[in-house]
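The structure appears right after this line, and notes come after that.
The values are calculated or read from the model by the stated rules, or taken from the named source; none is laboratory data. Keep in mind that this is a model prediction, so the values were computed, not measured. Don't worry about glycine lacking a Cβ; one is built from the backbone with ideal geometry, like all the others, and counts go over all protein chains shown. SASA here: full protein model, heavy atoms, side chains in, ligands and nucleic acids out. Shrake-Rupley method; radii C 1.70, N 1.55, O 1.52, S 1.80 Å.
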Amino acid sequence: MTDSDTPSAAAPTGLRPFEPAVMREDLPAIDAHIGPSPEDFIVDEVPLYAHSGAGEHVYVRVEKRGYTTPAMVRAVTRAAGVDERDVGYAGLKDKHAVTRQWLSLPGKAKPPSEWQLPEGISVVEHTRHANKLRTGHLLGNRFRITLVTPDAGALASAAGVADALRASGLYNYFGGQRFGRHGEGLGQALAWLREGAKLHGLPRFLTKLYPSVIQAEVFNRYFSARRALGMGRLIAGEVVRLDNAGAMFSIEDVEKETPRLLSSDIHLTGPIFGPKARPTFHEAAALELSIIEDLGITADLREKLARVAPGTRRDLMAPITDLRLDWSAVNRLQLEFSLPSGSYATEVIRQFTRGSFLIEDGDRGSNA
């Protein structure tokens with residue numbers, strides 16, 4: 001933990017989001033950046049469940065290039081003749097990329113074979129299923145990202161970081177793009193909350209984005225504060241998740257449960273705060289509350305946010321699987337890896353390049 005990785009107190013409305021340190025500052029960085037073409041950032045969504053082939057909802061796998069997910073959804077709704085609110089999708093994908101993701105549409109939609117879609121959007125395949133897709137209904141994403149580098153030794157230099165990621169996983173921070181260009185989304189979201197968190201007249205996209213931005217900032221600050229206490233130890237009252245399961249419980253006996261943490265039988269979690277998030281107690285509860293209050297989120301504001309942000313828990317560490325690095329051409333280093341739902345590929349890239357956390361003009365990024 002460095003001084004730059006310690007959350008500050010009493011943050012004003014217009015603050016920039018907290019910028020976490022990389023995992024291994026002791027290892028060399030590579031001089032590289034994501035290539036300029038959409039084909040340099042390819043994302044394939046991995047569904048949470050198999051599609052049955054029958055049911056009242058049409059499931060369509062769509063490839064987009066140069067579109068945000070909301071813009072792609074609007075194009076699909078026009079082509080399919082349905083309302084935007086009737087379309088479901090599991091998560092957002094980056095605009096400046098080639099991405100493939102599933103949508104669900106009501107059975108009354110026109111057949112995909114009849115759709116007239118703009119250039120840059122196409123149907124890969126379609127089927128049917130019983131339920132509407134909801135946010136989070138995905139297992140994860142598979143990425144293929146090409147970095148441009150002048151360094152002929154970049155592949156060798158990246159080996160140490162790659163080995164560290166394979167061994168321990170990724171610090172599961174929300175990536176900088178969650179907060180918008182220059183991080184301005186955080187100030188906008190806090191202003192919206194302090195003005196009453198009103199939904200009337202707010203675009204549908206922002207009704208989801210603003211609460212998630214605030215929750216993400218709290219999580220990132222909590223994670224770094226928790227790291228400062230040591231990731232190899234437990235604190236009283238914190239919530240942990242059982243390995244290979246969604247079941248969670250609160251730590252009552254730190255000494256008894258510590259061996260399970262060290263053997264990866266249980267995993268540390270942080271707050272996506274809200275009324276449905278499993279509550280913490282004792283030391284962990286005090287830590288979470290201090291982070292929330294440092295952002296000026298009073299009990300009254302928490303109550304307003306709770307109406308639109310139910311909350312959950314999020315693992316502090318994310319497994320990164322099938323990580324491979326190799327040259328794809330001269331000065332082009334290709335990375336392939338999979339991340340679970342909600343984890344950020346740009347945070348993987350940042351471990352190698354030490355690039356900016358926030359998305360600035362000309363940058364790009366995508367979450368899983």
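What the table below lists for this structure:
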item	result
Residue count for the stretch 194-231, restricted to those that are open to solvent by less than 50 Å² (accessible area, probe 1.4 Å) and not polar (S, T, N, Q)	20
Breaking point among (1) in a strand (DSSP E or B); (2) closer than 22 Å to Asn131 by Cβ, for Glu63	(2)
Index of the failed condition, Val123 passing every other in (1) closer than 27 Å to Val348 by Cα; (2) among the aliphatic types (A, V, I, L, M); (3) touching a Pro at 6+ places or on another chain (Cβ under 8 Å)	(1)
Per-region count, the stretch 277-315, residues open to solvent by 60 Å² or more (accessible area, probe 1.4 Å), at pLDDT 95 or above and in a loop (DSSP other than H, G, I, E, B)	4
Qualifying positions in the stretch 258-286 - touching a Leu at 6+ places or on another chain (Cβ under 8 Å) and among the aliphatic types (A, V, I, L, M)	Leu261, Ile266, Leu268
Close pairs from the stretch 236-254: first closer than 21 Å to His282 by Cα and part of a loop (DSSP other than H, G, I, E, B), partner open to solvent by 50 Å² or more (accessible area, probe 1.4 Å) and small (Gly, Ala, Ser), Cβ under 9 Å, at least 6 apart	Gly237/Ala286
Number of the exception - Leu301 against (1) out of contact with any His (no Cβ under 6 Å at 6 or more places or on another chain); (2) under 24 Å from Leu27 (Cβ atoms); (3) not aromatic (Phe, Trp, Tyr)	(2)
Some residue of the stretch 82-102 being modelled with pLDDT of 95 or more, open to solvent by 10 Å² or more (accessible area, probe 1.4 Å) and in a loop (DSSP other than H, G, I, E, B)	yes
In the stretch 316-342, residue surrounded by the fewest Cβ atoms within 10 Å (Cβ to Cβ) [restricted to those that are closer than 18 Å to Val161 by Cα and of a type in the set (Ser, Thr, Tyr)]	Thr321
Single residue of Gly136, Gly140, Gly120 found to be modelled with pLDDT under 95 and under 27 Å from the mean Cα position of the chain (by Cα)	Gly136
Filter result for the condition that a residue is in a loop (DSSP other than H, G, I, E, B) and open to solvent by 50 Å² or more (accessible area, probe 1.4 Å), over Lys132, Lys108	Lys108
